[in-house]
Amino acid sequence: MNKTEELKARLQTIVKQKGTNIDVFFIMKGDDGGVVKKANIANGATDGLRKAHLDNIGQLVSMMEEGLDELTVLNLSAADDRKSAIYRYDLEDRPQFFDAFKEIADHQYDDYFSEENGRYFDFSKDDLSQIDAFVIHIGNADNSLMIYRKNYSVNLFKRDKIFLVKKDDTRFDTMKDDFIRLDAKIDFLYVNDEVYIYNLDVLERFGDFHQIITKEATASLEDIDTLGLVFNIDILSGRVDDLRFARKLAKISKDSPVFKVPQADIIEFTKKHPFLKDKFKYTADGSQIELSSKLSQDNFIKLLNDDFLRSELTKIDYESPAKNRL
């Protein structure tokens, strides 16, 4: 069973099982990665929330069924440009906010989160504007998962603004308290001690993730340098701070089969390929590539990612960053 099938089976179990409970946790803003507070929500108020999240999980399962646009699980280290993917976080270093998942998982069924020890959200001490993210724990003691959803300022409604709500059949009244909107959308999933990224844009906004990718990209540059393909390898180092480019660099060292191809064969390929033959400059002896522009650098990364493919049937050449191995 591959990772896509494993995740789909677990999600199906959550949707179908009986006795599913839901708890809401807030990750508060803070320099230490955020304090986790449990939301004390009245029992009746969780019914709609539970149904909405189960419906959304069910939609994910449907999207993972076989089809033209099947939602596939890929390792983050091998992430490509496809949209229909959930990325399993497989990098060695992890963003600090992942600790919240472990904290909740370790203490879901004890008294760690309580009003007495200050781990309940308390309106007299805490502020709704300081909620950085929501973590939804859904399931039971046998099977459960967590959903991470980033919070945004537009979700907070302050009582100093005018909101008219129903008072009775013929009258409106104004809101007397601040309130926060919580939807059922999914940014990340925490399942079986693994994190799955559904909204990659959210992950890329975290500063510590930038540092992780920069470290991975730098390691990839060292691997690329050992190939001896590039005359001016330092020019790639100047783009490591570009997150999109760094993520493509980080992918290379772990997943590219090009590293097994002899250097001379790679150079010959670039000189004869219909698309690449005019895209690179070479040293005087023709043994190394000179990356003189950002376009040549981008094409070089595509080359190392083995993005230039040919159809065995039609003999047509394609650029294909998204590849499922047969």
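Counting only strands (runs of 3 or more DSSP E) wholly contained in the stretch 118-209, no element carries 2 or more residues that are modelled with pLDDT under 90 and crowded, with 17+ Cβ neighbours inside 10 Å. Taken over the stretch 1-34, residues that are in contact with a Phe, Trp or Tyr (Cβ under 9 Å, 6 or more places away or on another chain) and closer than 22 Å to Y152 by Cβ amount to 8. Across the stretch 89-111, the qualifying residues are those that are crowded, with 17+ Cβ neighbours inside 10 Å and over 27 Å from E216 (Cα atoms), and the one among them that is nearest to the chain's Cα centre (by Cα) is I104. Looking only at residues of the stretch 63-76 that are in contact (Cβ under 8 Å) with a residue 12 or more places away in the chain and of a type in the set (A, V, I, L, M), we find that the one that is most open to solvent (accessible area, probe 1.4 Å) is M63.
Filter the stretch 1-27 down to the residues that are small (G, A, S) and not in a helix (DSSP H, G or I) and list them by number.
Result: G19, single match.
Just to be sure, is S114 in a loop (DSSP other than H, G, I, E, B), open to solvent by less than 50 Å² (accessible area, probe 1.4 Å), closer than 27 Å to D178 by Cα and of a type in the set (S, T, N, Q)? Yes: the conditions hold for S114.
When R239 is tested against (1) closer than 30 Å to F206 by Cα; (2) not in a loop (DSSP other than H, G, I, E, B), just one condition goes unmet, and that condition is (2). Please find, within the stretch 36-62, the residue that is farthest from the chain's Cα centre (by Cα) out of those that are under 19 Å from L189 (Cα atoms) and without any contact (Cβ under 8 Å) to a residue 12 or more places away in the chain. Only one residue tops the list, namely K51. Sort out which residues of the stretch 24-35 are open to solvent by less than 40 Å² (accessible area, probe 1.4 Å) and either within 18 Å of A184 (Cα to Cα) or modelled with pLDDT of 90 or more (or both), and write them in order of number. Result: V24, F25, F26, I27, M28.
Considering only residues in the stretch 248-304 that are part of a loop (DSSP other than H, G, I, E, B) and among the small types (G, A, S), the one that is surrounded by the most Cβ atoms within 10 Å (Cβ to Cβ) turns out to be S256.
The values are calculated or read from the model by the stated rules, or taken from the named source; none is laboratory data. Note that the coordinates shown come from a computational prediction; the quantities given were computed from them, not determined experimentally. Cβ atoms come from the backbone with ideal geometry, glycine included; neighbour counts cover every protein chain shown. Side chains included, ligands, DNA and RNA excluded: accessible areas come from the protein's heavy atoms. Shrake-Rupley method; radii C 1.70, N 1.55, O 1.52, S 1.80 Å.
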